[in-house]
Each structure stands twice: as structure tokens, then as C-alpha cells.
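Have a look at the structure below before the remarks.
The values are calculated or read from the model by the stated rules, or taken from the named source; none is laboratory data. Not measured: the values here are computed from a predicted model. When we count neighbours, we look across all protein chains shown, and the Cβ atoms used for this are built from the backbone with ideal geometry, even at glycine. When the accessible area is computed, the model is the full protein with side chains, heavy atoms only, and any ligands, DNA or RNA have been set aside. Shrake-Rupley method; radii C 1.70, N 1.55, O 1.52, S 1.80 Å.
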Protein chains: 2
Amino acid sequence: MVNKTLKSFTEKKSAASVSAKKKVVRPGLSRSPAMSNLIEHAKDIYGDIKNGRRPSLTIPIRSLTNVSFSLRKGFFTIGDRVSKRTLSYQTIKPFAQTVRMMAFAKYLIKTDDFASKREVYYTAKGSAKRGVETGQAGWGPASFKEQDESDAIMDDMEAMVGINREQLGFIPAEQNGSVAGELMVIDIDPATGRKIEIDCTAFGRGSYSIPSRVEGLEFRTRAKFVIVVETAALFERLNGHAYWKEGNCIIVAMGGVPTRANRRFVRLLSDSCKLPVYVFTDGDPYGYGNIYRTMKVGSGNAAHINEFFCVPQAKLIGVTPQDIRDYNLPTHPLEEKDKKRAQDAIKNDPFFKNNKQWVLALQDMIKMGVRVEQQAFAARGLNYVMETYLPEKLRNPSKMLP
Amino acid sequence: MVNKTLKSFTEKKSAASVSAKKKVVRPGLSRSPAMSNLIEHAKDIYGDIKNGRRPSLTIPIRSLTNVSFSLRKGFFTIGDRVSKRTLSYQTIKPFAQTVRMMAFAKYLIKTDDFASKREVYYTAKGSAKRGVETGQAGWGPASFKEQDESDAIMDDMEAMVGINREQLGFIPAEQNGSVAGELMVIDIDPATGRKIEIDCTAFGRGSYSIPSRVEGLEFRTRAKFVIVVETAALFERLNGHAYWKEGNCIIVAMGGVPTRANRRFVRLLSDSCKLPVYVFTDGDPYGYGNIYRTMKVGSGNAAHINEFFCVPQAKLIGVTPQDIRDYNLPTHPLEEKDKKRAQDAIKNDPFFKNNKQWVLALQDMIKMGVRVEQQAFAARGLNYVMETYLPEKLRNPSKMLP
């Protein structure tokens, strides 16, 4: 029930913000489905207690035994198996912790504040006794010895309410990638509370750094596609020569494996503006299996939130094994661990093994015994990558690896 | 001689751009001291050959035996010992590589282009034979087997010409930190070549991502100080609540040990706008010894460029060992490696051991046997760090650790 409500909200939001011209009002988090969802769960608990029943929490099982890859949806999803945490002498601590965590989320949503995992851990540890309603007091006996414990409770709660925890005010504390190009980001000025527009063509050599909180951001663009690049050096090259102007696109730097905020940003952007996403990684099993795959389908370990973070619109623009031949690129030998990673992907990874094009590409790479880097195009000239390679690849998106 | 010319340029530039109101013209890199410096070195070689002498390159020795900590200057400096690389049968390869690297730098400066270390390595490997003047051809027998080789040649050249290699067009390929607050960054729009102003108060929850190329950036600000923070989570907190407005400051995120571009950015900003820099790290030997010390005095391994990257204006605002007591903060026990790092700093690190306040602080930490994190303030309330702690510390900059 709850999940349905949420999904329809997500879909509605996407549809509403498709037209770049239309004015879209950002929903305050307090009117968000996150809040009603939290309250719904709290009411269940309260109802149980009032009616003399022992209250319980129903939490989807997050272990890999309850995860499957949905070919239809194109990402890892969590199954139907749940664990029921009924209040008892044994479960009182995690039960109390979950409820406190819910109250804290409510506080964060209400006050439009936010907290990193580490801050949550410390908040619980605090000695200030300002009561539940401030959301800020020490949690007394419900505090955590180590952050592992609070992280697990947070993951449970995230799975229970069925939305990504960022919508509950919990933020990842990572340095995210950055953005340059034909894009207006619409946000709220934290100093004035007014709506502002951020023009991603106006940063010179610099760029717009993706914040940890991307929920509620809106976008306006006339770009034709989003290109997501693995390395900082390539981003610098494309942005330093304003490739976004010529290519009429939005360039996103990942800086390696994309963070949660980076993935969510690309997903929201692509959804709301109906843009294709082309991912540009090094041509090696790590680039394909860890970076591209994470961006496109998420991971089995976080199946309960993949629907918010995966980017099913993504395709791999390069560097492909075939590019090595087509562009006569310098390579490096595949190491044993690279080969193992590729073989493992073909054999065991449901995303790769169910996809003929990917199986052939990975087999091709193993056979050639080499890997190739994004920077290798420099052997054909410093700006060859943007003057020749990308335009050629962009002529045939249907040929890109899916 | 060359070094002197450069230094006076640097000083002149700083002085000229002190007044935030004055219009400062960004020097094109082709009119930069880097270019004249390169040409001066090339002329020496050319002169030698013309006069029937074997040409030679004079390169400062970069090993630690030729590095000392200058108490007066406040950073690691390189000594007078040099190695002379005279052209001979044995040295012909590195000699040729150095000269090709110089020609490539000239090309980059002339065309206002840039290259990462990895791109340089691949450029040399290239098969395109477009001649030296394009700067882009394969270097034939002067190409490199591994990137180690090209990196070493680049470091040598950097030390030889006596300026940081970014001024020669070589960029570090790292993801840098970001900036929010009362600052206008003045840059050139890569799409139009026109001057643009980037308003760092106008990015909502997002921020300005520091580019790899910061040479030539200019700044205008009315802020009173720069605060440089270690963690992404704290940056998000300060920026998410527009602390820069209340504090009238510029907030810079480092994301761990600051990159070259991050350090250079803070240095240029602090120099040109005469702003104090307050660094805010976790309270542990790693935060002090690796993050703060790198920002303030650079490292012995890169002594030949420290004068461009160190930030002598920096002070440590926190978290100090004394803060643990003053603010009753939750802590974690020091691990054995933390203790060793602190003891090593007191005993062997010329920056720390010559500074009584630092010796006392480190001894204090070892004695307490604990470390403290930036996020620990959350135990006193989520925004305590910005509502109470920072204002209190800012009242007495003279009490900050130097």
C-alpha cells in the first residue's frame, strides 16, 4: 500500500516536470510521501499498543537471498520476504532505536534539516536531554555503541518505509561529482528561502558541485543528452573546451564509482527532462562492472533502494573493446584480477550474463587480453577524444553497449 | 636569476590584486613568466650546441637530503644542490625527453590547452607524426615505457624552471574540493573567451567545484576569512544553512587531504584578498599531521613547489585536544598507529617539533589517549558546531593552533 502511494508520487513528479518550460513547485519535504509514510508506520505501532497487542515492525529482508535481478525493470529488486521485529525483552533495544530513528527523521523533515550517518550516531550518543520533540537529545539506553549499529537500523528503516533515506533527511557524507553544460538547476537559496536558478554554463573552468541533498532539485534544459565521465581529467578537457556547447549536452563528472547523490542526480535529471544518459568509462572490467553497472542498475547489496538510484536510461558510449581496434588505441595488458572480474561478470552477474552484447564484448576483451583507458585517445592528439571520437560515437547511439 | 624574476612576478601579482575593488587583468599564459622561463632554458641549450659545447640541463636535486624546513619562511624548501644532466650517450634519452616535454609545455601555453600527466604519457606514445611544432605528435624513441618515467621527467622540469607545472599547462587529474560563500571568482568563459564572474553565494545547496586549473583565477570578496573543512558532511551542514552569510566568510571543502588545486586555490585566494585561513579538521594526528600540515606547509617530497602550494596564513580552528574538555565531546580511543604518528611528529617533524604550542597539543592528545571527530559536536545538537562552537572559536583567532 505504502509503496504504491510512493511510486505513484514518484511517477507523477517525473511526469509533471518533463516539460522544461513549465513551472514546477518543489514539494516541501514536510508534505512529502516520506512524512506521511513515517506517520503511517508510527500509527500502526501506536494502534497496536493501544489495543493491547505487542507492536511489531515489518522489515524487508535485505540479504542477497531476498534479492533478484528484474529483467523487465532492468535493476536489482528486493523480494517479498520480511522479518517481523515484535517488541519483546530481546528486541527492545533495536525496536526502541528504530522508533527513535523514525522520530529523528520526522524532526529532520519538519525542520528542513539533515544529518549524515555519523551525525546520527553522535546525536544518539549525546547527553543533552531536550526531549524527543526536538529530535536532538541523547537517546539514552537507545544510543549506539558503534556506528555499524546505527547504520543497520537506518538501512532497516529505509527498507521498511520503502524510500531512499535522503527523502527522510539522512544524507551521505561523500564528495560528489560535478556538472557543467546546458542546464539550469532550480534550487532554494538557503540564505533567503527563495527559488534560485543555477546556470551550469556559467562556471568558467569550474563547475557545479553536486550536493549531498538532491531531492527536490528541478531542472530546465535544452540539451540533447547527458554524458557521464569517469575521470576528472576527461571532465576537465571537455569542460575546459566548452564541449557542452558544441555537443549541446550536460557533462557530469563521477570521479570513479558514482556516489549515491551522483546517481540520484543523474536519475532525477534524466527522468525529469527525458534525456538519454551516455556513460564514458575506462575500457576495463572495473569500468564496466563497477562504475557503469553501478550507475545503470545499482547493486544487489542495496536492492531496497535501487529503484531510486539506478539509471536505466544509461548506455555505455565507450571505451569499448571494439574501440581499441577502430581507433588504434594504446593498451595495457589485462591483469589476472581483471580477467577474473570479466569472467565472473559473464558467468554470474545477472545484468551482464543476460545481455548478449555485453557477453560478446567481455569475451572480446578477455580474448584480446588488454584494457584501455579514456586518456589513451591522447595518443591520437590531445583533443581527438572530443573532436573525433565522441562525435562519431554519438552518431549511432543504437550501437552503444546497453 | 630565473627564480628571482619569477618570485618578483608572484609578489607583484599578489600586491596588485590585493584591493578587491581594483580591476585586475589576468595575464595570458603566453605572456607568463612560465613561457619566458622555458625559452630562457631552451636558449641555453641552443647556445651550447651552436658554440660546440655539449648542452646540459641543471636540475635541483629533489631527494630529502636536499630539503630543509625554513623556520623563517614557514615551509619546506629545496636546497642549492643540483644535478647536471649533460648530453651524452648515456643521457640522450632523458635529455631528449626533457626537451620534448619543454616543447610540449610551450605548445600547451601557446594554445591555452592543458594535459594531465597520463595524457602526457599517451601523447608521447602516439603514432601521429605531426611534428614538434604541433606539440601533439608521438615522441618516437623519446616516448615512455611507463608513466613513472614521464612523471619523473615532468617533476625534473618543474624543479628546473622553478614554477609549479600547472603554470606550464600540466594539470593534476584529481577531483578537487568545492567552495560556497561570499566570493566572486573571476574567470574566462571557455565558450566565449569573455570574462565572467562566478557568484559563490548563488548555488543553493550546491557549490562551486574547484577546477584543476586555478592559475589566473581572480577573486573579489568582502568576506572576513576563509574556513577550510575536512569533511563533506560538515561542508554540507555549513553551506546548507548558509553559514557563510552569518559568518561573512568563504567555506572551502577539502574532502580529506587537500589536492594540489585545492591548496593552490586557497593560497591564491588568501594572498590576493589578504584573508586569514582557518582550517577545521578532525581532532586526530592524521587530521593535524596529514591534512592541516599539508595545507599549511606542504610536504618535504615536493619541496621544489611548496612555495606555490603552502598556505602560511593558515591556522587550525579545531578540533583541538583542549576542545574535547571545553565542549565535553564524545571521543574514540587513539589507536597505536595514531599514537606513533603523534610521537613521530613531536620528535621528527620540523614543522611540529619547532612549535611549542603544537608539541603541547600533541602531548596532551597522547596523554588523554583519545581522538575526536568533527561530527562529534552533533552530540550537543545538530547545529551546535555552527551556532556555538565556531562563533566562540572565532572570537579569539590568536588562540588557534598555529
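The table that follows gives values for the structure above.
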item: Extreme residue, positive dipole direction of the protein assembly as shown, given options A:Pro330, B:Pro172, B:Phe114 (C-beta unit charges); result: B:Phe114
item: Candidates A:Gly369, A:Gly52, A:Gly256, ranked by Gaussian network fluctuation over chain A, Cα under 10 Å, top entry; result: A:Gly52
item: Innermost chain A residue relative to the axis carrying A onto B, by Cβ distance in angstrom; result: A:Ser209, 2
item: Calculated on alpha-carbon atoms, Rg and Dmax of chain A in Å; result: 22.9, 75
item: Under 20 Å from the A:Lys353 label point (7 Å along Cα→beta-carbon), backbone N, the stretch A:72-88; result: A:72-79
item: 1.4 Å probe, heavy atoms, protein only - residues of the stretch B:220-259 losing at least 30 Å² accessible area vs chain alone; result: B:Ala232, B:Ala233, B:Glu236, B:Arg237, B:Gly240, B:His241, B:Lys245
item: Rough spin-label spacing in nm, given labels placed 7 Å along Cα→Cβ, for B:Asp364 and B:Asn328; result: 1.9
item: Contact order normalised by residue count of the stretch A:112-231, Cα under 8 Å, 6+ apart, percent; result: 21
item: Förster radius 25 Å - calculated FRET efficiency between A:Tyr46 and B:Lys245 (Cβ-Cβ, nearest 0.05); result: 0.05
item: Residue pairs, from the table A:Lys84/A:Lys296; A:Lys393/B:Lys145; B:Lys340/B:Lys393; B:Lys73/B:Lys367; A:Lys195/B:Lys195; B:Lys274/B:Lys315, whose Cα atoms sit over 21 Å apart; result: A:Lys84/A:Lys296; A:Lys393/B:Lys145; B:Lys340/B:Lys393; B:Lys73/B:Lys367; A:Lys195/B:Lys195
item: For the stretch B:227-298: Kirkwood Rh in Å [reciprocal of mean 1/r, alpha carbons]; result: 12.5
item: Nearest-0.05 FRET efficiency for A:Arg194 and A:Val257, computed from C-beta distance (R0 45 Å); result: 0.80
item: Computed label-point distance, nm, for sites B:Thr111 and A:Leu394 using a 7 Å Cα→Cβ extension; result: 2.0
item: Per-copy distances of the B:Ser36 label point, shortest first, in nm (7 angstrom along Cα→Cβ); result: 7.0
item: Per-copy distances of the B:Lys339 label point, shortest first, in nm (7 angstrom along Cα→Cβ); result: 4.6
item: Per residue, in Å², the accessible surface of the stretch A:279-400 once ligands and nucleic acids are set aside, probe 1.4 Å; result: 39
item: Chain pair A, B: total accessible area buried, heavy atoms, 1.4 Å probe, Å²; result: 5600
item: Chain lengthening between A:Lys145 and A:Arg54 when straightened (0.36 nm per residue, less Cα-Cα); result: 30.1 nm
item: Estimated dipole of the protein assembly as shown in Debye, rounded to 20 [Cβ of Lys and Arg +1, of Asp and Glu -1, Cα centre]; result: 700
item: Whole-percent carbon and sulfur share, accessible surface of the protein assembly as shown, 1.4 Å; result: 51
item: Peptide B:121-127, shielding by other chains (average Cβ, 10 Å cutoff); result: 6
item: Cβ-Cβ FRET estimate between A:Ala96 and B:Ile61, R0 fixed at 56 Å, reported to 0.05; result: 0.30
item: Per-residue mean of C-beta atoms belonging to partner chains within 10 Å, peptide B:163-175; result: 3
item: Distance histogram for the stretch A:221-380 (every C-alpha pair counted, 10 angstrom bins, percent rounded to whole numbers); result: 11, 39, 36, 14, 1
item: Dipole magnitude of the stretch A:258-401, debye to nearest 20 (Cβ charges: Lys/Arg +1, Asp/Glu -1, about Cα centre); result: 400
item: Trypsin sites (Lys or Arg not before Pro) within the stretch B:187-242, DSSP loop, no more than 12 other Cβ atoms inside 10 Å; result: B:Arg194, B:Arg222
item: Packing-based order for A:175-182, A:343-350, A:159-166, using average beta carbon neighbours within 10 Å, highest first; result: A:175-182, A:159-166, A:343-350
item: Sequence-distant residues sharing a close amide H with A:Phe219 (under 5 Å, placed H); result: A:Ile186
item: Members of the stretch A:363-381 that become less accessible by 30 Å² or more once partner protein chains are added (1.4 angstrom probe, chain alone as reference); result: A:Glu373, A:Gln375, A:Ala378, A:Ala379, A:Arg380
item: For the stretch B:35-143, accessible area per residue (1.4 Å probe, heavy atoms of protein chains only), Å²; result: 53
item: Other-copy label distances relative to A:Arg53, 7 angstrom Cα-Cβ extension, nm; result: 9.6
item: The stretch A:72-132 and the stretch A:258-330: distance between their alpha carbon centers, rounded to Å; result: 30
